[in-house]
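Notes to accompany the following structure.
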Amino acid sequence: MKSYLSRSYKKYVGGIFRQMKPYVWVFNIVSFVLIVNCFSFRRFSLVRMLIGVGAGIVFTVLWALIGALIIAKKNEKLYSVLDEYGYSVEYLRAYESERILGKPFRVQYAAEYAEIFVNIGQPADALKYLNSIIIPPNAPINEKISFFVVYVVAALKTGNVQLAESVWSNWQGVLNSARNEPSYASVSYMIYLSLILIDCCAGRVQRAYDQTVSYMNSPLYKRYPLPNPDFDILMLYELNALGRTDEAAALYPSVKSKIDKFDPLFAALKEKTVREFNKAARGEIPL
């Protein structure tokens, strides 16, 4: 098996190129065309233009390759623990050392830290920690949403549906304002996922199913398809819970195929997804 560093580097490179906007390429290429031609339109020539285009492309590619290596090396120490042990006490201690104890506070790190408690079977400890956090008003919206989602899942994992619904109600201002943020596309799925999970746990399965279908048919979901099959798994559960077992059986092969092809950076995430899929197939809430 390849080392974590080599696997993560490959994924980070792919991620950077997928997320890179066309204007980045255009800006770099135009900049190098101007540089090669010494900023003088009178000295423009086809050869110099082609050299500038080539230089702009090479610079952009190198920038992505070097950037991916920096990110991979920066996270190697911590994420190698997650890669080896999965969500575990070992990873919890490593995360504390690397990003919590004596480190500058970040809402995202607080959410990720609490998420580890949730995934090692200690959702009550996650809630206790999250309740001690005061979120700065100027925190990035994606970090606020991450915090919110982990809180909802932790509450649901403790069986406290009422708490999860209360949090949903209290966060309406933040959730609504997120729609006006440029990063909404990257957090919208988490908002819908939380709402659907709350409905499932509250017994409102039909509404959960309607929400799932609505989101998966939305332009947002189609434009930014998720690499993980979370919503497919939810739909499988909902069909089983609604007694629509024939439809669930028909959906099963396609969901299993997506899971088989799902290739996350960490094996722990694949194992978690498989567990949730098996729960949904049995008619259990994939939480």
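The values are calculated or read from the model by the stated rules, or taken from the named source; none is laboratory data. A quick note: this is a predicted structure, and the numbers were derived from the prediction, not measured. All Cβ positions, glycine included, derive from the backbone under ideal geometry; neighbour counts span all protein chains shown. The accessibility values were calculated without ligands, DNA or RNA, using every heavy atom of the protein model including side chains. Shrake-Rupley method; radii C 1.70, N 1.55, O 1.52, S 1.80 Å.
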In the range 209-244, residue surrounded by the most Cβ atoms within 10 Å (Cβ to Cβ) [restricted to those that are farther than 16 Å from N278 by Cβ and among the β-branched types (V, I, T)]: T212
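Look at G243 and say whether it is part of a loop (DSSP other than H, G, I, E, B) and in contact (Cβ under 8 Å) with a residue 24 or more places away in the chain. Write out each step before concluding.
Details: part of a loop (DSSP other than H, G, I, E, B): yes; in contact (Cβ under 8 Å) with a residue 24 or more places away in the chain: no.
No; evaluated as a whole, the condition is false for this residue.
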Exclusive hit being within 23 Å of S8 (Cα to Cα) and open to solvent by 30 Å² or more (accessible area, probe 1.4 Å), set Q122, Q108, Q162: Q108
Matching residues, the range 65-80, being farther than 17 Å from A114 by Cα and of a type in the set (A, V, I, L, M, F, W, C): L65, I66, A68, L69, I70, I71, A72
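Yes/no per residue for (1) of a type outside the set (A, V, I, L, M, F, W, C); (2) touching a residue at least 12 places away in the same chain (Cβ under 8 Å); (3) closer than 21 Å to G86 by Cβ:
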position	(1), (2), (3)
S254	yes, yes, no
I259	no, yes, yes
A267	no, yes, yes
K270	yes, no, yes
K279	yes, yes, yes
L287	no, yes, yes
Residue in the range 66-86 that is at pLDDT 75 or above and assigned to a loop (DSSP other than H, G, I, E, B) present: yes
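One line per residue, one yes/no per condition, for (1) closer than 17 Å to C201 by Cα; (2) without any contact (Cβ under 8 Å) to a residue 24 or more places away in the chain; (3) assigned to a helix (DSSP H, G or I):
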site: Y129; (1), (2), (3): no, yes, yes
site: I133; (1), (2), (3): no, no, no
site: I145; (1), (2), (3): no, no, yes
site: V153; (1), (2), (3): yes, no, yes
site: G159; (1), (2), (3): yes, yes, no
site: S177; (1), (2), (3): no, no, yes
